[in-house]
Amino acid sequence: MPLSPTVTREILHQIEHVPNKKLGQNFLIDGNIVRKSIELAGIDSTSFVVEIGPGLGTLTRAILDTGAHLWAIERDPKLSAYLRSSIVEDAPNCSLSQGDCLEDPHAGLTLPGESKDFKIIANLPYAVATPWMDLILSKPLPSRMVLMLQKEAADRYSADPGSKTFGAISIFLQSSFSLHSSHLVKGPCFLPVPKVDSVLLRLDQKVNPVHFSNPAKECIRRIFTQRRKQLGALCKRESNPQISAWFDSLLFSGISPTVRPEALPIHCWQMLANLTKDS
């Protein structure tokens with residue numbers, strides 16, 4: 001069960017910790033959301049799990065109760081010390097790192113033997129979500145992710161072509177993962193209460209995920225900085241002949257030169273996945 005609001009306040013007082021808004025420290029206090037997270041993750045005693053941002057350990061305890069092997073990373077030193085003394089010392093199947101998830105996105109995960117299957121459960125502050133996701137989309141990929149995100153970030157991750165929120169991260173993420181469920185989580189489920197709603201997302205790795213090279217990512221991001229301009233005009237500014245060849249293939253397939261980047265289907269962008277630097 002999650003920590004109640006009263007117990008959460010008592011622990012924060014005991015360790016002399018004031019929640020840091022910049023780090024997105026809003027602690028989960030809703031038991032239904034904890035149970036839903038574990039259910040969506042589908043973890044058991046055979047699972048290998050990475051947890052990003054365990055905070056006061058509400059989800060950590062629930063994960064460990066399944067018997068799963070857990071690797072967690074917490075940036076805040078006070079919270080990390082609390083987790084170590086209250087949970088980790090009595091949990092031999094739990095490894096905790098104190099550090100930045102952007103420097104260690106897999107929380108020090110070390111899979112035994114030939115095993116390659118692992119899952120991620122994460123409560124991600126808005127400022128961290130997209131750069132962390134970009135790191136995760138490099139190999140190795142988890143088989144499943146259950147992510148607590150600000151609604152704005154979740155909308156961008158799950159956006160369809162043609163929508164205002166569709167962009168580069170939508171392309172990269174949806175080329176490797178399928179969105180299976182989305183649950184709105186209201187502010188009162190957390191302490192302190194955030195000013196914005198959150199969304200709980202379940203993402204499953206696709207059978208044939210498409211990875212984008214760094215030059216491809218750079219190119220697509222550059223194009224989306226001018227998302228309302230026509231694709232033909234944007235491609236003319238690119239010096240890489242591979243971009244010209246890609247655009248010609250789009251025209252040949254019936255795509256209009258006046259299409260805007262946000263309206264181009266994901267499979268068209270995937271044709272750029274193996275782009276190399278212009279030599």
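Taken across the range 45-57, residues that are in contact (Cβ under 8 Å) with a residue 60 or more places away in the chain and in a helix (DSSP H, G or I) do not occur at all. Every listed requirement among (1) in contact with a Ser or Thr (Cβ under 7 Å, 6 or more places away or on another chain); (2) farther than 26 Å from Leu124 by Cα is met by Ala245 save one, (1).
Among the residues of the range 118-140 satisfying the criterion of being in contact with a strand residue (DSSP E or B) (Cβ under 7 Å, 6 or more places away or on another chain) and in a loop (DSSP other than H, G, I, E, B), which is farthest from Gly57 (Cα to Cα)? My answer is Phe118.
To keep it simple, each residue is scored yes or no on (1) surrounded by fewer than 16 Cβ atoms within 10 Å (Cβ to Cβ); (2) modelled with pLDDT under 95; (3) under 23 Å from the mean Cα position of the chain (by Cα).
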position: Leu203; (1), (2), (3): no, no, yes
position: Ala245; (1), (2), (3): yes, yes, no
position: His267; (1), (2), (3): yes, no, yes
position: Lys277; (1), (2), (3): yes, yes, no
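Among the residues of the range 111-168, write down those that are of a type in the set (Val, Ile, Thr) and out of contact with any Cys (no Cβ under 8 Å at 6 or more places or on another chain). Matches in the range 111-168: Ile120, Ile121, Thr130, Ile136, Val146, Thr165.
Once the range 205-226 is narrowed to residues that are part of a helix (DSSP H, G or I), charged (D, E, K, R) and without any contact (Cβ under 8 Å) to a residue 40 or more places away in the chain, the residue that is nearest to Ser176 (Cα to Cα) is Glu218. Scanning the range 58-95 for residues that are touching a residue at least 40 places away in the same chain (Cβ under 8 Å) and crowded, with 24+ Cβ neighbours inside 10 Å yields a total of 3. Every listed requirement among (1) over 19 Å from the mean Cα position of the chain (by Cα); (2) part of a loop (DSSP other than H, G, I, E, B) is met by Glu89 save one, (2). When Arg156, Arg144 are checked against the criterion of being basic (Lys, Arg), in the same structural domain as Thr58 (by TED's automatic domain parsing), closer than 26 Å to Lys36 by Cβ and touching a Ser or Thr at 6+ places or on another chain (Cβ under 6 Å), Arg156 stands alone in meeting it.
The values are calculated or read from the model by the stated rules, or taken from the named source; none is laboratory data. Note that this is a predicted model, so its numbers are computed, not measured. Neighbour counts are summed over all protein chains in view; Cβ atoms, including those assigned to glycine, are modelled from backbone coordinates with ideal geometry.
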